[in-house]
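Only one structure is covered here, and it is reproduced in the block below.
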Amino acid sequence: MNQKAEKVNNASNLLKKFSTIFPDELQCLEMLAELKWKDGFVCRHCGHTNWCHGKSVTSRRCTKCKREESATAHTIFHHCKFSLNVAMKLSLLVCQIPDISSYELSRQVKIRHMTCYHFQKRLLVCQQGQPENELLKELLKEMTKRLEHQA
Ligand SMILES: [Zn+2]
């Protein structure tokens with residue numbers, strides 16, 4: 001198998017495993033929320049630590065000031081034009097196959113090439129030490145761990 005074919009094959013295998021563990025958006029949001037608030041919830045507005053579920057099951061609402069924070073807020077996945085499921089797939093591919101092209105990403109996750117190109121750039125900038133990187137690193141670690149168990 002040549003190098004390119006191998007890369008394509010690697011990518012397909014990764015995504016196949018990923019889809020078994022994270023079949024839909026909810027699983028992805030749940031994992032992100034779990035990691036984001038693993039040390040507990042602190043309201044960004046008033047510092048209160050008690051919360052209840054917000055409008056979506058994975059968002060948290062401060063019981064004091066009633067403000068709500070989604071799982072993706074203040075992460076690299078905030079304001080993505082595509083689902084978290086797709087964003088996690090892209091993150092995984094970019095992390096595990098470092099020189100994968102944005103064209104190949106586009107073929108693999110079936111969204112527009114330019115969208116993949118921009119998100120890939122955002123991921124690479126983030127990995128160079130943006131504050132969102134800590135959570136991204138943990139997310140990738142956790143995804144990889146679960147994928148390995150699957151193998
Ligand atoms: Zn609050």
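We did not get these values from a lab; they are worked out from the coordinates using the rules stated. All values derive from a computational prediction rather than experimental measurement. When we count neighbours, we look across all protein chains shown, and the Cβ atoms used for this are built from the backbone with ideal geometry, even at glycine.
Observations on the model:
- Between E138 and Q27, the C-beta separation translates, for a Förster distance of 22 Å, into a calculated FRET efficiency of about 0.85.
- Taking amide H as placed 1.01 Å from N in the peptide plane, S56 has no amide H partner under 5 Å among residues 5 or more places away or on another chain.
- For W51, nonlocal amide neighbours, meaning residues 5 or more places apart or on other chains whose placed amide H falls under 5 Å from its own, are T63.
- ³J(HN,Hα) computed for each position of region 26-37 - Karplus, 6.51 cos²θ - 1.76 cosθ + 1.60, integer Hz, glycine/proline x: 4, 4, 5, 4, 4, 5, 4, 4, 4, 6, 4, 10
- H45 paired with A73, simple spin-label distance in nm, labels 7 Å along Cα-to-beta-carbon: 0.8
- For V94, the shell of other residues with beta-carbons less than 11 Å away shows a net charge of +1, using +1 for Lys and Arg and -1 for Asp and Glu.
- Note, ³J(HN,Hα) from phi for region 67-80, Karplus 6.51, -1.76, 1.60, rounded to Hz, x at Gly and Pro: 6, 10, 10, 7, 4, 8, 4, 6, 10, 5, 8, 5, 6, 6
- Over 22 Å between alpha carbons, listed pairs K16/K89; K16/K38; K55/K141; K66/K89; K55/K145; K55/K110: K16/K38; K55/K141; K66/K89; K55/K145; K55/K110
- The three principal axes of the Cα atoms in the chain give end-to-end lengths of 59, 29, 24 Å, sorted in falling order.
- Neighbourhood charge, 14 Å Cβ-Cβ cut-off, centred on C80 and excluding it, Lys, Arg +1 and Asp, Glu -1: +3
- When W37, W51 are arranged by Cβ crowding within 10 Å, least crowded first, meaning fewest neighbours, the order is W37, W51.
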